[in-house]
Each structure stands twice: as C-alpha cells, then as structure tokens.
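Colleague: Please find one structure pasted underneath; my questions will follow.
Read the figures in this text as sums done on the coordinates, not as results from a lab. Bear in mind that the values here come from a model prediction, so they are computed numbers and not experimental data. Note: ideal-geometry Cβ built from the backbone for every residue, glycine included; neighbour counts use all protein chains shown.
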Ligand SMILES: Cc1cc2nc3c(=O)[nH]c(=O)nc-3n(C[C@H](O)[C@H](O)[C@H](O)COP(=O)(O)O)c2cc1C
C-alpha cells in the first residue's frame, strides 16, 4: 500500500513542530484536548533535533521524543513523528536509522528553520537555496531507513524570495520524499502575516501528498487555505496553542471549548513533567500569553499571574 493510501485517506490535521513550544508536555496536553473533542490529530511532529558533527545516540533522541518509549504515541494515542535538521546526508541518514530502531513511525526533515545559529551551520531554511543538497539529504535518508517508514520534508517557499520554487519542487520530486509540508512563507517573511497559501498549489502537481501550513487561526482561514493551496491537508501551528479547540473547529466550527472547559488541561499542564516547578511556571506563562489572544479570560488572568513565580499560587488562581 502506498503511503498516500495509508496516511492520507481522509484530510489530515496535524499539530506542527514548534521548538520550545510544542514540547512533549504541550504535545501531550494538546493532543489530549483534540482527542477529547472527538477530533484527534492524525499525528504531530517533534521539535527539530539537530544533527551536526556525529550520529546522535539513543539517549539524545529519547530526550526530544520521549513518546518513542510509548509506541511513539502521546498518552491519548496520537502518533509523533521524528524531525531531524542538518546538512550532512549520511549523518542524517544514520541518525534517522537510530530513530527507527527506537520505534520512530516516520522521519521528517526540516528545511524551514529560520534561526541564525542553525542557518549559519547550513541547516534549516538556508538549504532552500541549495535544492540539490536538499535532494541528497532526503534521498540519503529515504534509502537508509526501512521502506515501510515514511520520510517527509517540511519546507518554506524559499529563503529570501520565491524565485527558486521550481528548483525546490524538482528537488523534492527527485528525492523520493513520501510527502511534503509547506509553510507558506519565505524565511525572510518569518512568521508575519500573511501566508501565501496560493503558492502551495504549484507543489500539488507533485505525485505525493502536500500539507499546507501557516497562519491558520480559525475555520474560515483553514477553508481558504485549502482552497487556495489546492490540498485538503493542513498543519496547525501557533493557532493550535492559542485556541486548542482549533483542531476540531477547522472541520466543525460549532465545536468550541470554553475557558472553563480548558481549565483542567491548564492545571494538568502545570502539574506536568518538567525539570523543576519554575520551568513549568515559565512554560505556563508562555502558553497563557498565547491563550490571551484566543480567550478574554486569559487576558484577565495575565495581570495577576505575570509576576507570580510560585506554581502553587498560579494553580490557586486557576481554581478560584
Ligand atoms: C516557536 C516556534 C518554533 C518552531 N519550531 C519548529 C521546528 O522545530 N520545526 C519545524 O519544522 N518548524 C518549526 N516552526 C514552524 C512551525 O512548524 C510552522 O511552520 C509555523 O509556525 C507556521 O505555522 P503557524 O502560522 O500556524 O504558526 C516553529 C514555529 C514557532 C512559532
């Protein structure tokens, strides 16, 4: 069976990889909410794991993707794919093989990261300027990992502009990638609206599934994105953190989650796994700041909580 028939029978809805934001704890909570709303994510992708000098050992991969120890699934059963980032085809291929030996369900390759440190080491979006290297990386990983494990790529529309989209498309076609996710902006466009969904349509000429991503915050945008991008498949990023009900909402706008319904999940987050309570407080504030764009109640909570350092006090605020 082809991967298209196996993974893309119906429109897929994915939770985006977001380094420092959709970490294992956030993935656990957001995928739980999606499942409880009756529309589980089809899968999510891990934060990128950088491969620079050598093949990464198991313990490093486990640190980024602890779900590998539970059949590569979150507690609610959502599959997590492993994302790698780097510029060295063989190191990436060998590391992908290690990840597969640990139970990775799929390998995704990052060609979209805009971070300076990453780009200066020829990783992430800078490789959009070197489509042949992209092709070699994907092809090396594809030929190394077992044939039943999909290998996908996540790209932007280009680095500084969209002038080499044709070459990027050809590189993907030649690489053997099993599917492609496109964040509909160039690296230079960063994360600022708009996203150029219509530019994705060109890539749908490829014989593999294409997933559209970027600037989907509500039902209408998801619908317009799919129409303009000419694909039924979407990946949700910041919108899914800001409105955790977005996943259900994109297909059934009548499904929403109230602030009161969201509170138990916030408490679960505050009681989640972390190095120490302070780390959880920081992470929760990051989430609350994003939630305040989606919920008025979060805005009201922000003022008393923003200077609070004690986790128990925050929990008390949430319970009152
Ligand atoms: C904080 C943050 C971290 C991100 N980290 C990653 C990453 O590790 N791997 C990746 O492929 N994309 C990463 N992205 C990009 C997102 O996956 C997504 O493509 C982008 O946010 C656009 O979608 P959105 O407009 O729905 O947020 C990151 C984005 C953000 C905001």
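Colleague: Roughly how tilted is helix 165-175, in degrees to the nearest 10 and between 0 and 90, from the longest Cα axis of the chain?
Modeller: The helix 165-175 is inclined about 80 degrees to the chain.
Colleague: Additional query: Multiply the residue separation of residue 75 and residue 232 by 0.36 nm, subtract the distance between their alpha-carbon atoms, and state the gained length in nm to one decimal.
Modeller: Gain on extension, residue 75 to residue 232, equals 53.8 nm.
Colleague: Can you tell which of 49, 305, 172 shows the greatest fluctuation in a Gaussian network model of the chain with Cα springs below 10 Å?
Modeller: Residue with maximal mean-square fluctuation among 49, 305, 172: 305.
Colleague: For residue 293 and residue 198 in one chain, what is 0.36 nm times their gap in residues minus the Cα-Cα distance, to one decimal in nm?
Modeller: 31.6 nm is the gain from fully extending residue 293 to residue 198.
Colleague: Where in the stretch 189-214 does the label zone of residue 1 land, with the point 7 angstrom along Cα→C-beta and an amide N cut-off under 17 Å?
Modeller: Counting only backbone N, you get 209.
Colleague: Here is a further query. Of all DSSP beta bridges in the stretch 5-137, what percent run antiparallel (nearest 5)?
Modeller: 10 percent
Colleague: Calculate the spin-label point distance for residue 224 paired with residue 117, positioning each point 7 Å from the Cα along the beta-carbon direction, and give it in nanometres.
Modeller: 3.7 nm
Colleague: For the stretch 259-319, what's the relative contact order in percent, using C-alpha pairs closer than 8 Å and at least 6 residues apart?
Modeller: That works out to 35 percent.
Colleague: Pick from 55, 234, 65: which is most flexible by mean-square fluctuation in a GNM of the chain where alpha carbon atoms under 10 Å apart are linked?
Modeller: Per the Cα network of the chain with a 10 Å cutoff, 55 tops the list.
Colleague: Once you have a ≥ b ≥ c as the square roots of the Cα gyration tensor eigenvalues for the stretch 3-249, tell me rounded if a/c is under 1.5, and otherwise prolate or oblate according to whether a/b is larger than b/c.
Modeller: It is rounded, given that a/c, with a ≥ b ≥ c, falls under 1.5.
Colleague: Efficiency by 1/(1 + (r/R0)^6): what FRET value for residue 300 and residue 267, r their Cβ-Cβ distance, R0 = 25 Å, to the nearest 0.05?
Modeller: With a Förster radius of 25 Å, E is 0.90.
Colleague: Using 0.36 nm times the number of residues separating residue 312 and residue 174, minus their current alpha carbon distance, what extension gain do you get?
Modeller: 44.3 nm
Colleague: Using the Cα atoms of the stretch 187-313 to build a convex hull, what is its mean projected area in square nanometres?
Modeller: If you wrap the Cα atoms of the stretch 187-313 in a convex hull and average its projections, you get 9.9 nm².
Colleague: Between the stretch 236-252 and the stretch 152-190, what's the alpha-carbon centroid distance in Å?
Modeller: With the stretch 236-252 and the stretch 152-190 each reduced to a Cα centre, they are spaced 24 Å.
Colleague: To continue, here is another question. How high is the FRET efficiency between residue 9 and residue 148 when r is their beta carbon distance and R₀ equals 30 Å, given to the nearest 0.05?
Modeller: 0.95
Colleague: If you don't mind, there's one more thing I want to ask. Which residue, 74, 117, 231, tops the fluctuation ranking in a GNM of the chain built on C-alpha contacts under 10 Å?
Modeller: Top of the fluctuation ranking is 117.
Colleague: Can you say what percent of the DSSP beta bridges in the chain, counting only those with both residues inside, are antiparallel? Round to 5.
Modeller: 5 percent
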